[in-house]
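The values are calculated or read from the model by the stated rules, or taken from the named source; none is laboratory data. Just so you know, these numbers come straight off a predicted model, no measurement behind them. Here the Cβ positions follow ideal geometry from the backbone for every residue, glycine too, while neighbour counts run over all protein chains shown.
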Amino acid sequence: MINVPAVWFTNMDNPKRHEKIPLYRKYSPAEYPKYDNYDAIEVGKVAEIPVDYDGAMGVPITFLDKYNPAQFEIVGMCENKDLYGLKTRTYTTKECKAAYFKHFGKNGTYDLNAAGVIKGKKVYQRLLIKRKP
């Protein structure tokens, strides 16, 4: 048996919300690829947010339980509709069908517009954040 702690999200202030996320990684284009369809870099784990990058970053949704509004600003999320004006490319139906065939070897539609895309492959849902000065 394992004990899985519950995570509660609230707008009530609490001390954990003011704890800074310790940042230690340096930005390098080789380690942090840019999305094909967003002007942002991919950060695979919250612990790997670069200390010296000022642009938009796509981070896992697990970022929410570590979020400190004094340290970061949430500027949007990768999704179908461009609600936040952050998309740099929208894929056509033909491109989505070609990507599905390329990845799975059969006909279908791979919704490339629903997430961040790196080298033609979707990543899991990401929040887009920026570091505050």
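List of remarks:
- Set 68, 37: member being among the polar types (S, T, N, Q), out of contact with any strand residue (DSSP E or B) (no Cβ under 9 Å at 6 or more places or on another chain) and either at negative phi or modelled with pLDDT of 95 or more (or both): 68
- When residues of the stretch 32-76 are limited to those that are farther than 21 Å from residue 88 by Cβ and of a type in the set (Asp, Glu), the one surrounded by the most Cβ atoms within 10 Å (Cβ to Cβ): 48
- Qualifying residue in the stretch 38-46 (condition: out of contact with any Phe, Trp or Tyr (no Cβ under 8 Å at 6 or more places or on another chain), of a type outside the set (S, T, N, Q) and free of Cβ contacts under 8 Å to residues at least 12 places away in the same chain): no
- With respect to the conditions (1) more than 17 Å from residue 38 (Cα to Cα); (2) among the aliphatic types (A, V, I, L, M); (3) in contact with a Pro (Cβ under 8 Å, 6 or more places away or on another chain), residue 118 falls short on a single one, namely (1).
- The stretch 84-132 - residue that is in a helix (DSSP H, G or I) and in contact with a helix residue (DSSP H, G or I) (Cβ under 8 Å, 6 or more places away or on another chain) and, of those, farthest from residue 65 (Cα to Cα): 95
- Given (1) surrounded by 11 or more Cβ atoms within 10 Å (Cβ to Cβ); (2) over 22 Å from residue 55 (Cα atoms), number of the condition residue 117 does not satisfy: (2)
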